[in-house]
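Q: The structure is given below, and queries will be raised subsequently.
The values are calculated or read from the model by the stated rules, or taken from the named source; none is laboratory data. Computed from a prediction, not measured in an experiment: that's the story for all the values here. Neighbour counts run over all protein chains shown; Cβ positions are idealised from the backbone, glycine included.
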């Protein structure tokens, strides 16, 4: 099996070729033969440089799931977000030319993550309250105060309940994706929610899988991002080929 250092050398040699098509072909050949995800990252970089955004997005998504090092995953997340924006602009351009065609795929679903701080932190009784009132962390308050909640279609990603609407009643709980022993909802359950459930949105009820673009707001603090939430959204929507963007790409990795 090829070592990581050998893969780096081979990828660098591929990218030294003067012909853009041959650079891509060379990287794909090594990926097929060796299966090293390092070639996926180099393909994402190369394809983005060639303005082949859909292909670059595909490989960047694979890197996020398969490369363990945080700096490489952060690089892939940044590529995926940039490419998603280009793809969205292209789709919006197509929509303006074909206004009579349905444009569900160009609409964006916004996902806001839950917070550790909750409504009943200072209360003894296990009361239930709407989700939009239950989460009292700074990031969630900022989302509500921004005014965007009134302008876009959005859901909350709860580590216990999964994808829930703002009015969904939630009770007292302490569950986190980062702590498996707390019993967070599984990736399989999140996939099933996307595959089989719908939610009430501004224009009426619609299936979760009908969105072609999903933006994840998972910046918990100005310099921190809950990347585990972003990755779970990516995994849940992977079978439906939605374009996933995440504000984590604008947070400097440590």
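Q: Return only the number of the condition from (1) in contact with a helix residue (DSSP H, G or I) (Cβ under 9 Å, 6 or more places away or on another chain); (2) in contact (Cβ under 8 Å) with a residue 40 or more places away in the chain; (3) surrounded by fewer than 18 Cβ atoms within 10 Å (Cβ to Cβ) that residue 66 does not satisfy.
A: It fails just one condition, (2).
Q: Still on this structure, I have one more. What's the number of the only condition in (1) modelled with pLDDT of 85 or more; (2) under 21 Å from the mean Cα position of the chain (by Cα) that residue 134 fails to meet?
A: (2)
Q: When you scan region 159-174, how many residues do you find that are buried (at least 16 other Cβ atoms within 10 Å of the Cβ) and farther than 23 Å from residue 204 by Cβ?
A: Count: 5.
Q: A further question follows. Kindly evaluate residue 87 against the criterion of being within 27 Å of residue 229 (Cβ to Cβ), touching a strand residue (DSSP E or B) at 6+ places or on another chain (Cβ under 9 Å) and at pLDDT 90 or above.
A: The answer is no for residue 87.
Q: Which condition does residue 204 not pass, out of (1) modelled with pLDDT under 85; (2) at negative phi, if it passes all the others?
A: (2)
Q: Continuing with the same structure: Kindly provide the set of residues from region 69-84 that are more than 13 Å from the chain's Cα centre (by Cα) and either in contact (Cβ under 8 Å) with a residue 24 or more places away in the chain or more than 21 Å from residue 232 (Cβ to Cβ) (or both), ordered by number.
A: Listed by number, the residues that qualify are 70, 71, 72, 75.
Q: Which condition does residue 238 not pass, out of (1) more than 20 Å from residue 131 (Cβ to Cβ); (2) part of a loop (DSSP other than H, G, I, E, B); (3) modelled with pLDDT of 85 or more, if it passes all the others?
A: (2)
Condition check ((1) closer than 30 Å to residue 165 by Cβ; (2) touching a strand residue (DSSP E or B) at 6+ places or on another chain (Cβ under 7 Å); (3) in the same structural domain as residue 161 (by TED's automatic domain parsing); (4) modelled with pLDDT under 85) across all residues:
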position	(1), (2), (3), (4)
62	no, no, no, yes
72	no, no, no, no
79	no, no, no, no
95	yes, no, no, yes
101	yes, no, no, yes
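Q: Identify, from the list 11, 25, 44, the residue that is over 28 Å from residue 224 (Cα atoms), in contact with a helix residue (DSSP H, G or I) (Cβ under 6 Å, 6 or more places away or on another chain), modelled with pLDDT of 90 or more and assigned to a helix (DSSP H, G or I).
A: Just one listed residue meets the conditions, 11.
Q: For region 176-200, what are the residues that are more than 15 Å from residue 232 (Cα to Cα) and either in contact (Cβ under 8 Å) with a residue 40 or more places away in the chain or surrounded by 16 or more Cβ atoms within 10 Å (Cβ to Cβ) (or both)?
A: 199
Q: For region 115-223, give me every one of the strands (runs of 3 or more DSSP E) that falls completely inside it and has 1 or more residues that are in contact with a helix residue (DSSP H, G or I) (Cβ under 7 Å, 6 or more places away or on another chain).
A: 153-158, 162-164, 198-201, 213-217
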